[in-house]
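Written below as structure tokens is the structure these notes are about.
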Amino acid sequence: MKATVVYESMYGNTHSIALAIAEGLGSAGAADVVSAQEATRMDLAGLDLLVVGGPTHAHGMTRAQTRHAAVSDSMSRNKGLTVDPSAKGLGLRDWLDSLGPGAGKAAAFDTRVDMPALLTGHASKSIGKKLKEHGFELVADPESFLVSGDSGLLPGELDRARAWGQTLASTLKDEHRPSS
């Protein structure tokens, strides 16, 4: 199986989740992890699975203004947050808008604050919708991984991400298994 996990990350949480998902996918074959910026130079043809995720800002995917605000906020409040090296690059919304027609299997995830989804929203739902608009078939419901109010991953979320990656890999293995 050939898989790629494309992520956008502000403080490294979504990047860490992307790496954990790729570890889980590794049970079925190699999985690359690339930022949205790096993904602009990729040919997605021939992938068995494309997994895409980013942080939830203002009930959905980030925008240039929310990304800028997140970077500024991390510096202005001395919160001890480290800005992910990819944070100043292209965001998922822009990358997804630049995609041409696609085909194949895909899955969507996000990171969001641990509060009721009604209050936070889910970037993964918008990501999944965009993937479908480009011709991809979602193999799983969009998934959220949770961060605390001070922007740290909650305990157990990396393990949950690895397990989700394993589930995605199993789903694809089952689809490729010859019927008896």
Subject >> Considering residues of region 78-106 that are among the hydrophobic types (A, V, I, L, M, F, W, C) and within 18 Å of residue 140 (Cα to Cα) only, the residue farthest from the chain's Cα centre (by Cα) >> reply: 103
Original post:
With respect to the numbered conditions (1) surrounded by fewer than 19 Cβ atoms within 10 Å (Cβ to Cβ); (2) touching a Phe, Trp or Tyr at 6+ places or on another chain (Cβ under 6 Å); (3) at pLDDT 85 or above, which one is the sole condition not fulfilled by residue 53?
Top reply: (1)
**OP:** Any residue in region 1-23 that's free of Cβ contacts under 8 Å to residues at least 24 places away in the same chain: show its pairings with residues that are of a type in the set (A, V, I, L, M) and assigned to a strand (DSSP E or B) at Cβ separation under 9 Å, as long as the two are six or more apart or on different chains.
**Re:** 19/5; 19/33
**OP:** Might you check whether a residue that is surrounded by 16 or more Cβ atoms within 10 Å (Cβ to Cβ), hydrophobic (A, V, I, L, M, F, W, C) and either part of a helix (DSSP H, G or I) or on the phi > 0 side of the Ramachandran plot (or both) occurs anywhere in region 148-161?
**Re:** yes
Original post:
Just for region 14-42: of the residues that are of a type in the set (Val, Ile, Thr) and within 16 Å of residue 162 (Cα to Cα), which one is surrounded by the fewest Cβ atoms within 10 Å (Cβ to Cβ)?
Top reply: 33
Original post:
Which one of these is assigned to a loop (DSSP other than H, G, I, E, B), without any contact (Cβ under 8 Å) to a residue 60 or more places away in the chain and either buried (at least 20 other Cβ atoms within 10 Å of the Cβ) or small (Gly, Ala, Ser) (or both): 69, 45, 87?
Top reply: 45
**OP:** Give region 90-106 a look and list any residue that's basic (Lys, Arg) and either part of a loop (DSSP other than H, G, I, E, B) or surrounded by fewer than 19 Cβ atoms within 10 Å (Cβ to Cβ) (or both), or say none.
**Re:** none
Original post:
Do we have residue 120 as more than 16 Å from residue 18 (Cα to Cα), in contact (Cβ under 8 Å) with a residue 60 or more places away in the chain, polar (S, T, N, Q) and surrounded by fewer than 16 Cβ atoms within 10 Å (Cβ to Cβ) here?
Top reply: no
**OP:** Determine whether region 133-146 contains at least one residue that is assigned to a helix (DSSP H, G or I), in contact with a strand residue (DSSP E or B) (Cβ under 6 Å, 6 or more places away or on another chain), surrounded by 18 or more Cβ atoms within 10 Å (Cβ to Cβ) and modelled with pLDDT of 95 or more.
**Re:** no
Original post:
From the list 31, 22, 18, 36, which one is closer than 18 Å to residue 170 by Cα and touching a Leu at 6+ places or on another chain (Cβ under 9 Å)?
Top reply: 31
Subject >> Leading residue by the ranking (farthest from the chain's Cα centre (by Cα)) among those in region 107-127 that are part of a helix (DSSP H, G or I) and among the β-branched types (Val, Ile, Thr) >> reply: 120
Original post:
Do you know which residues across region 155-174 are under 15 Å from the mean Cα position of the chain (by Cα) and of a type in the set (Lys, Arg)?
Top reply: 160, 162
Original post:
How many residues are β-branched (Val, Ile, Thr) and more than 18 Å from residue 120 (Cα to Cα) if we restrict to region 138-166?
Top reply: 1
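The values are calculated or read from the model by the stated rules, or taken from the named source; none is laboratory data. None of the values given here were measured: they were computed from a predicted structure. Cβ: placed from backbone, ideal geometry, glycine included. Neighbour counts: every protein chain shown.
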